[in-house]
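Peer 1: Got a structure for you, written out below as structure tokens; questions coming shortly.
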Amino acid sequence: MWQPRRLVGALFALVSAILLLVSPFYPLFIGRLISSTANFTMTFDGWGFETDAPARVGAIVVNAYGLIFAAVMLFVATILTFVGARIAATQGNRRVAATSMAIAAAFTLGVAVTVLPQLTNWMDTFRATGLPGARVDTTVGLGFWMMAAGTFLALAATAIAGLPTRYREPETPPSGIAVPVQPPADES
């Protein structure tokens with residue numbers, strides 16, 4: 001048996017971990033330069049960048065390791081939040097779930113905060129310098145949106161894992177008197 005609210009939080013954590021695990025394999029940023037003399041595309045992902053330009057110069061920060069480590073932390077926290085989502089879970093189980101989820105979400109947020117300035121830098125610096133009549137198209141890639149959604153879901157899962165548990169008195173059966181159930185002494 002599950003506590004529905006905590007089960008939703010555990011599912012948020014699971015989806016968050018999956019999104020962060022696959023986000024480095026999708027583009028974070030795509031830039032296209034179209035002109036009469038040059039036409040190329042640059043695609044940045046968590047592992048580096050690819051281009052069909054005549055010359056490939058430079059390097060970028062590899063974000064994949066941080067994103068994958070965040071996903072691993074979230075998978076561990078997800079397991080603990082599923083344990084804490086059971087009705088039979090103890091207060092200690094719930095505290096461990098909330099703490100592990102908070103640590104994983106904090107790390108995930110830290111990784112996302114380091115990728116965001118890189119994205120804004122790529123958007124600001126990708127332009128046609130010195131090419132008359134050139135058109136530049138920049139796009140935020142699917143990998144970035146997956147990372148952002150995963151981070152948001154990790155924070156939501158943390159908030160849900162930290163909410164106190166509420167116990168309801170059982171309804172009175174049609175043919176008898178309900179026995180009240182005492183909530184645990186330590187409600188968190």
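The values are calculated or read from the model by the stated rules, or taken from the named source; none is laboratory data. As the structure is a computational prediction, the values presented were derived from the model and not from experiment. In this analysis, Cβ positions are derived from the backbone assuming ideal geometry, glycine residues included, and neighbour counts consider all displayed protein chains. All accessible areas refer to the heavy atoms of the entire protein, side chains included, with ligands and DNA or RNA removed. Shrake-Rupley method; radii C 1.70, N 1.55, O 1.52, S 1.80 Å.
Peer 1: Looking only at the range 41-77, which residues have a backbone nitrogen under 20 Å from a spot 7 Å from the Cα of residue 145 in the C-beta direction?
Peer 2: 42-47
Peer 1: At a probe size of 1.4 Å, how large is the accessible area of residue 51, to the nearest 10 Å²?
Peer 2: Surface open to solvent at residue 51 totals about 40 Å².
Peer 1: As a test question: what accessible area, to the nearest 10 Å², does residue 124 have when a 1.4 Å probe is rolled over all protein chains in place?
Peer 2: Ignoring ligands and nucleic acids, residue 124 comes out at about 100 Å².
Peer 1: Next question, about the same structure. Keeping the other protein chains in place, figure out the carbon and sulfur percent of the accessible area of the chain, with a 1.4 Å probe.
Peer 2: Answer for the chain is 68 percent, counting heavy atoms of protein chains only.
Peer 1: Also: What is the sum of charges, Lys and Arg at +1 and Asp and Glu at -1, for the other residues whose Cβ falls under 12 Å from the Cβ of residue 10?
Peer 2: +4
Peer 1: In debye, nearest 20, what is the charge dipole magnitude of the chain about its Cα centre with +1 on Lys and Arg Cβ and -1 on Asp and Glu Cβ, if you could check?
Peer 2: 140 debye
Peer 1: Go through 14, 46, 162 and say which Cα lies farthest out towards the positive end of the charge dipole of the chain; charges sit on Cβ, +1 for Lys and Arg, -1 for Asp and Glu.
Peer 2: Ranked along the dipole, the leading option is 162.
Peer 1: Follow-up question, since we're still on this one. Taking the Cα-to-Cβ direction at residue 134 and at residue 91 and moving 7 Å from each Cα, how far apart do the two end points lie in nm?
Peer 2: 6.5 nm
Peer 1: A further question on this structure: Kindly sort 101, 146 by accessible area of their heavy atoms, largest first, with the probe set to 1.4 Å.
Peer 2: From most exposed to least exposed: 146, 101.
Peer 1: To continue, here is another question. Between residue 118 and residue 25, 0.36 nm times their residue separation minus their Cα-Cα distance comes to what?
Peer 2: Gain on extension, residue 118 to residue 25, equals 31.8 nm.
Peer 1: Which entry in [x] 16.8; [y] 17.8; [z] 19.1 is this structure's computed Kirkwood radius over Cα pairs in Å?
Peer 2: Working out Kirkwood radius over Cα pairs in Å from the coordinates points to [z].
Peer 1: Using a Förster distance of 22 Å, how high is the FRET efficiency between residue 156 and residue 76, based on the Cβ-Cβ distance and rounded to 0.05?
Peer 2: After rounding, the FRET efficiency stands at 0.80.
Peer 1: Restrict the search to the range 4-61; then list the chymotrypsin sites (Phe, Trp or Tyr not before Pro) that DSSP places in a loop and that have at most 14 other Cβ atoms within 10 Å of their Cβ.
Peer 2: Sparse-neighbourhood loop chymotrypsin sites (Phe, Trp or Tyr not before Pro): 47.
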